[in-house]
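Shown next, in structure tokens, is the structure this report addresses.
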Ligand SMILES: NC(=O)c1ccc[n+]([C@@H]2O[C@H](COP(=O)([O-])OP(=O)(O)OC[C@H]3O[C@@H](n4cnc5c(N)ncnc54)[C@H](OP(=O)(O)O)[C@@H]3O)[C@@H](O)[C@H]2O)c1
């Protein structure tokens, strides 16, 4: 719906997920072009509590009812990964635009189905990968791609933390859990953007925990022309987040790479034994920037920056890594179909 310059995109949230409460609700409230009008939960009481706490006007005891709300123009989906596909498609069929948490689906095929539903129904679909919207992320990619550290040779990254609750959705195989889909996807995503292409081959080793998901995984990606990326991700270690980009003539390092928070951040550029260059970035909220981009695109009837065609690139790499891990580290070609 386009009702002029002051119109704000009216969001409904599917579920009382932690990430909505902690990040997206504040981001939508703070945004210049979106507002929250409804929340739905499988539990009406939980939806009511959430709505009061988050100052959301309406609440529902089922996701279906929220999709029936004609005032809702867009939904934000922070459901367990295995439910993204179903609810994104149902929302699209009700002509709601969809901002869906990462990873968009749990396979390339699912993500393509989601995009097909969005296209058929004339709505926007975007993967909510907030770290891409931080100015530092974009600068890191620009520095690496512009030859600031010479020819790109090695990309090293990690995203690990320790889960303390065993009932967490990340430990459920049936809900699309596992370290690779939860946090490894960030390392994979940034590696391909830094390299500027999809890798040719992927290789991984995983530790499978007692619930049947990968609680730890180390992977390698080989890119055409030489660059190699290595990363590790885990749900059962100390928290770490970093990216290091190593070129023929220097390196770039960024800590707290993915969940950057709202404080100031930096990229450290090094060249041999010479002085370090510190690129400084003022604090900003990546979630708010993501919401505002999505709102701008929908309200202006323009494409989103990160639809399913983009998401399938990262998912094709994840699928290859999963296959390699199942085959004890055998190298696997990354899907030709999405290259
Ligand atoms: N971008 C980021 O920074 C970021 C950070 C964390 C998570 N995420 C993503 O956000 C999504 C949600 O993660 P989260 O940690 O916020 O999840 P969470 O707190 O466990 O919430 C998931 C919600 O899904 C609903 N749900 C529906 N069916 C369910 C089922 N069978 N089992 C459990 N919950 C079910 C529940 O809401 P109701 O009971 O209210 O229906 C639940 O509150 C995931 O896709 C994750 O990858 C993104």
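The values are calculated or read from the model by the stated rules, or taken from the named source; none is laboratory data. Just so it is clear, the structure is predicted and the values come from calculations on it, not from any experiment. No Cβ is skipped: glycine too gets one built from the backbone with ideal geometry, and neighbour counts run over all protein chains shown.
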- request: Tell me which residues, restricted to the range 42-83, are within 11 Å of the ligand (Cβ to nearest atom) and in contact (Cβ under 8 Å) with a residue 40 or more places away in the chain.
  value: 63, 66, 76, 77, 78, 79, 80, 81, 82, 83
Single residue of 38, 30 found to be more than 11 Å from the ligand (Cβ to nearest atom) and surrounded by fewer than 16 Cβ atoms within 10 Å (Cβ to Cβ): 30
- prompt: Among the candidates 145, 193, 222, which residue alone is away from the ligand (no atom under 16 Å from the Cβ), in contact with a strand residue (DSSP E or B) (Cβ under 6 Å, 6 or more places away or on another chain), at pLDDT 95 or above and more than 26 Å from residue 236 (Cα to Cα)?
  reply: 222
- request: Could you check how many residues of the range 226-243 are touching a helix residue (DSSP H, G or I) at 6+ places or on another chain (Cβ under 9 Å) and either buried (at least 23 other Cβ atoms within 10 Å of the Cβ) or not in a strand (DSSP E or B) (or both)?
  value: 7
query: Which residues, taken from the range 244-271, are in a strand (DSSP E or B) and within 16 Å of the ligand (Cβ to nearest atom)?
result: 265
query: Here is a list of conditions, (1) more than 16 Å from the ligand (Cβ to nearest atom); (2) over 22 Å from the mean Cα position of the chain (by Cα); (3) not in a strand (DSSP E or B), and residue 283 meets all of them except one; can you say which number that is?
result: (2)
task: Give 311, 297, 275 a once-over and let me know the one that is surrounded by fewer than 20 Cβ atoms within 10 Å (Cβ to Cβ), at pLDDT 95 or above and either over 20 Å from the mean Cα position of the chain (by Cα) or outside any strand (DSSP E or B) (or both).
output: 297
query: Would a scan of the range 154-161 turn up a residue that is over 16 Å from residue 311 (Cβ atoms), within 13 Å of the ligand (Cβ to nearest atom) and either surrounded by fewer than 24 Cβ atoms within 10 Å (Cβ to Cβ) or within 18 Å of the chain's Cα centre (by Cα) (or both)?
result: yes
message: Can you pull out every residue in the range 84-100 that is without any contact (Cβ under 8 Å) to a residue 40 or more places away in the chain and part of a strand (DSSP E or B)?
response: 98, 100
message: Exactly one condition in (1) surrounded by 20 or more Cβ atoms within 10 Å (Cβ to Cβ); (2) within 8 Å of the ligand (Cβ to nearest atom); (3) under 18 Å from the mean Cα position of the chain (by Cα) is false for residue 24; which is it?
response: (2)
